[in-house]
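*Asks:* One structure, pasted below without further comment.
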Amino acid sequence: MTKDEYLALLGRGTAAWNAWRAEHDEAPDLSDAALRGLDLSGFDLSRADLRGADLRGSRCCDTDLSGAHLEGANLFKAVLDGAELAGAFLHGVQFLNCAQLVVARNWQLALRDEALGCGAMIPEMRRSESAWRFS
């Protein structure tokens, strides 16, 4: 699918998006996407490429962001209450702070830099031949 097709599918709502995700084993490319102010609560965005995405003011309550790549994404005033962050790549995320982070689920298992240590150990990241591995 193209980025525009992913965005159109997002616009159809949570049920349509999650049904499509359940049927397709794809990692959606939403890099550099304009998602500012959207309500993405409950969406399955696991493994999504959200690098450079504009998520300012978006609601990501109970959103599955596990394994998502958010490098360079702008999370200014994004709401992450209950979002699943296990394995999410948060290095270089813009305007994310500990107050936003700690209300998410499994935030301690997200790959993050020292600024987002938030009092928990940071998982080690190792580069394998084909992909990043988290340990």
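*Asks:* Any idea which of ALA86, ALA73 is more than 22 Å from ALA8 (Cα to Cα) and modelled with pLDDT of 95 or more?
*Replies:* ALA86
*Asks:* I would also like to ask the following. Looking at ASP81, is it over 20 Å from GLU5 (Cβ atoms), in contact with a Cys (Cβ under 9 Å, 6 or more places away or on another chain) and not in a strand (DSSP E or B)?
*Replies:* In short, yes.
*Asks:* Then there's this: Restricting attention to the range 23-42, does a residue exist that is in a loop (DSSP other than H, G, I, E, B), more than 17 Å from the chain's Cα centre (by Cα) and modelled with pLDDT of 95 or more?
*Replies:* yes
*Asks:* From SER66, SER58, which residue is crowded, with 20+ Cβ neighbours inside 10 Å and touching a residue at least 40 places away in the same chain (Cβ under 8 Å)?
*Replies:* Criteria check complete, one pass: SER66.
*Asks:* Specify the residue that is surrounded by the fewest Cβ atoms within 10 Å (Cβ to Cβ); the eligible residues are those in the range 99-119 that are part of a loop (DSSP other than H, G, I, E, B) and charged (D, E, K, R).
*Replies:* ASP113
*Asks:* Considering LEU96, LEU80, which residue is out of contact with any strand residue (DSSP E or B) (no Cβ under 8 Å at 6 or more places or on another chain), at pLDDT below 95 and buried (at least 19 other Cβ atoms within 10 Å of the Cβ)?
*Replies:* Exactly one residue qualifies, and that residue is LEU96.
*Asks:* OK, next. May I ask you to verify whether ALA27 is loosely packed, with under 13 Cβ neighbours inside 10 Å, under 23 Å from LEU90 (Cβ atoms) and not charged (D, E, K, R)?
*Replies:* no
The values are calculated or read from the model by the stated rules, or taken from the named source; none is laboratory data. For clarity, every value in this text was computed on a predicted model and none was experimentally measured. Ideal geometry is used to build each Cβ from the backbone, glycine not excepted, and the neighbour counts take in all protein chains shown.
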